[in-house]
Amino acid sequence: MNQNFFINNRIRLGKLMKDNSLAVFFSGRKIQKSADQDFPFEVDKNFYYLTGLNQANIVLTLFKKQNDLKATLYIEENDPILVKWVGMKYTKEEAALISGVNQVVYANLFDNHLFAYFNNSRYQSDCVRHVYLNLERSSLPGYTNQALEFANLTMTAKYPEVTVINAYEMMVGLRMIKSEEEIALVKSSLKTTKKGIESLMSHAQAGLYEYQLEAYFDWQVKCDGNRDLAFKTIAASGKNATILHYEDNNSLLKNDNLVLFDLGARTEFYVSDITRVFPVSGKFTARQKAVYDAVLDVNKRCIAYLKPGLSWAEFNKFAKDLLTQHAYELGLIKEDQEISKYYYHSIGHSLGLDTHDPTLYDWGIKEGMIITVEPGLYIEEEGIGVRIEDNVLITDEGCENLSSEIIKETADIESFMATYKK
Ligand SMILES: [Mn+2]
């Protein structure tokens with residue numbers, strides 16, 4: 001991603017800030033896994049969106065004064081001993097080049113700079129009275145992050161006269177509407193995802209374990225140019241496919257099973273999120289095909305229905321009503337409300353730097369959003385779970401299916417499988 005993307009994102013945020021205000025964003029920190037091992041570092045996505053930097057313990061400040069926006073990065077200095085163990089951190093020049101921030105300084109200046117921004121001992125018109133923080137919440141017990149701690153330990157404790165404003169919703173609003181560069185990266189992820197799906201399907205056979213199918217996908221993603229997984233691959237055969245976030249992937253594939261896989265590659269943090277279903281034997285049974293085609297019909301009709309101006313409630317109702325009709329035809333239900341036994345999630349979500357990209361649901365569906373369309377029917381008593389998930393870009397009067405190249409029709413799946421069956 002070019003630095004202009006990050007510069008432009010900072011300008012867009014700056015326009016939403018009050019005059020004489022400061023925004024402070026943290027890149028995140030390493031989290032201990034066990035003993036001297038850490039979890040792989042995952043950068044704060046709002047920080048990344050404003051800087052393009054992917055490293056722990058960096059701070060970005062944006063100071064808005066008389067409609068001028070000054071960005072400063074605070075980075076850690078390289079320690080020559082540590083460099084021999086873990087390699088170089090960003091130099092000032094590298095951080096400046098990636099982010100387009102001209103002022104890059106070492107982190108030891110941060111506290112002094114803060115005091116200068118908030119110092120009101122001699123009244124100056126540019127004294128900062130409002131500070132924006134990325135106060136993301138989580139329902140996890142004990143959850144904390146650098147911004148929440150900064151709000152408590154620095155702002156409340158040392159600068160109680162300064163008003164803290166939550167920038168999180170502002171960031172979510174900016175991230176919801178995708179730029180051309182972001183759309184291109186999602187498309188690039190989908191290309192890799194397509195290759196991985198074809199690798200996984202071509203190797204499928206009874207007697208393998210689900211985790212072996214998972215490995216074919218993951219291997220292809222790694223091979224395809226230093227990409228990552230968007231999330232842990234779900235490979236669920238038979239009844240396992242009725243568990244939405246099944247992650248064990250340790251059952252044996254049987255010839256009469258359908259396999260549902262829900263997976264995606266990510267490229268420079270921009271993800272794809274695709275679900276497909278295929279028969280281990282290479283041939284759908286009549287019943288499997290009936291269920292599959294019902295879900296496929298809903299998938300296609302939802303994509304045809306999508307356009308800017310719809311509310312999420314309308315979109316969800318449209319999908320649920322169609323799935324309900326099909327459930328009657330499949331002999332699954334006798335009353336409308338019984339559908340919740342066979343369909344128990346919502347029709348889609350935003351996609352971007354996160355797989356479930358944060359969303360302001362009140363905005364409804366808007367042009368420039370990338371969302372998933374993923375109807376499903378899960379029939380535990382028959383060991384059949386079908387979900388068909390595409391990724392679509394909302395356009396001015398409808399939507400464009402970004403994953404239309406990924407195999408989806410039963411006839412195509414059967415002929416693809418047949419070329420790999422001996
Ligand atoms: Mn999804």
In a GNM of the chain with a 10 Å cut-off on Cα contacts, which of Lys366, Lys194, Lys158 has the highest mean-square fluctuation? Lys158
Magnitude of the charge dipole, the chain, Cβ model with Lys/Arg +1 and Asp/Glu -1, debye to 20: 640 debye
Separation in nanometres of the label points that stand 7 Å from Cα toward Cβ, at Asn226 and Val105: 3.2 nm
Theoretical gain in end-to-end length, Asp38 to Ala157 [0.36 nm per residue, Cα-Cα removed]: 39.8 nm
Rounded to the nearest 500, what is the 222 nm mean residue ellipticity of the chain from helices alone, with -39500 (n - 2.57) per DSSP H run of 4+ residues and division by all residues? -10500 deg cm²/dmol
Using only the Cα atoms, work out Rg/Rh for the chain, with Rh taken as the Kirkwood radius, to two decimals. 1.03
Take the alpha carbon gyration tensor of segment 207-345, find the square roots of its eigenvalues, order them as a ≥ b ≥ c, and report rounded if a/c is under 1.5; if not, report prolate when a/b exceeds b/c, else oblate. oblate
Counting Lys and Arg as +1 and Asp and Glu as -1, each charge on the Cβ, what is the dipole of segment 3-174 about the Cα centre in debye, to the nearest 20? 400 debye
State, as an integer percentage, the relative contact order of the chain based on alpha-carbon contacts under 8 Å between residues 6 or more apart. 13 percent
With unit charges on the beta carbon (Lys/Arg positive, Asp/Glu negative), name the residue among Pro40, Met417, Ser346 whose Cα is farthest towards the positive pole of the charge dipole of the chain. Pro40
Dmax and Rg, reported as Rg then Dmax, of segment 3-174 (C-alpha, Å): 16.3, 51
Segment 162-237, relative contact order in percent, only Cα pairs under 8 angstrom and at least six apart counted: 25 percent
Cα gyration tensor shape of segment 177-418, rounded if a/c is under 1.5, else prolate or oblate by comparing a/b with b/c: oblate
Per-residue Cβ contact counts at 10 Å, fewest first, order Leu351, Leu330, Leu109 as Leu109, Leu330, Leu351
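Only the coordinates and a few stated rules stand behind these numbers; no lab work does. Just so it is clear, the structure is predicted and the values come from calculations on it, not from any experiment. With ideal geometry, Cβ positions are generated from the backbone for all residues, glycine too; neighbour counts draw on all protein chains shown.
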